[in-house]
Amino acid sequence: MSRFLFITLALLHVPVLLAQSFTDPRDSTVYPTTIIATTEWFARNLDFAMEDTDPNIPDSIACTNWGRTYSREQSRNACPPGWHLPTREVWATVDTADIFALLDTVCWVKPEGHTNATGLSLQPADSSTRRPIGTAT
C-alpha cells in the first residue's frame, strides 16, 4: 500500500487498521480519510497554508472545505510527511464504474445520483459546478 496526496480531491497513504482521520503534524489540521481498495485517501481538500496560497472561498454554507489551490510545484511541497500526489497507477485502482460513488452529495449544482458510497467526497473545483450560497440542498 502507498501514501499519496491528491490536492483538491483527496490525499492518500498506507492505512494502519481502519483509519478515520489524519492530523497534519505541521498545523494540527484534522482531515477525514477513507480507504478505497488498499489505499487511504483524504476525504476533504488539503488546506495547508503556504506562501502565495490563499484558501478557496466557500460559496455555500454547507460546502466549506474547499481547501486551497496550489500550483503544480506547490502541490509537490504541500503534502504532509509520508504523503504524495496519486500517480496514474493509483488512480487506476479506483473503480470508476460508479463515478457517483466518489462524488459529494451536497456541493454540486446537480448532485442527482451522487451517493458518495466510497466516502471520498469529491467536490467541484470551479464555481460553474458548485452549489451557490443560500440554495437548498
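Summary table below
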{"quantity": "Residue, farthest from the chain's Cα centre (by Cα), within region 65-97, restricted to residues that are small (Gly, Ala, Ser) and assigned to a loop (DSSP other than H, G, I, E, B)", "calculated": "Ala97"}
{"quantity": "Hey, Ala49 small (Gly, Ala, Ser), in contact with a Ser or Thr (Cβ under 9 Å, 6 or more places away or on another chain) and at pLDDT 80 or above or not", "calculated": "no"}
{"quantity": "Identity of the residue in region 98-107, aliphatic (A, V, I, L, M) and assigned to a helix (DSSP H, G or I), that ends up surrounded by the fewest Cβ atoms within 10 Å (Cβ to Cβ)", "calculated": "Ile99"}
{"quantity": "Residues (out of contact with any helix residue (DSSP H, G or I) (no Cβ under 9 Å at 6 or more places or on another chain), surrounded by 20 or more Cβ atoms within 10 Å (Cβ to Cβ) and under 15 Å from Pro25 (Cβ atoms)) located in region 38-58", "calculated": "Phe42"}
{"quantity": "Lone unmet requirement of (1) surrounded by fewer than 17 Cβ atoms within 10 Å (Cβ to Cβ); (2) modelled with pLDDT of 80 or more for Trp83", "calculated": "(1)"}
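The values are calculated or read from the model by the stated rules, or taken from the named source; none is laboratory data. Source: prediction; values computed, not measured. Using ideal geometry, Cβ is built from the backbone for each residue, glycine included, and neighbour counts are taken over all protein chains shown.
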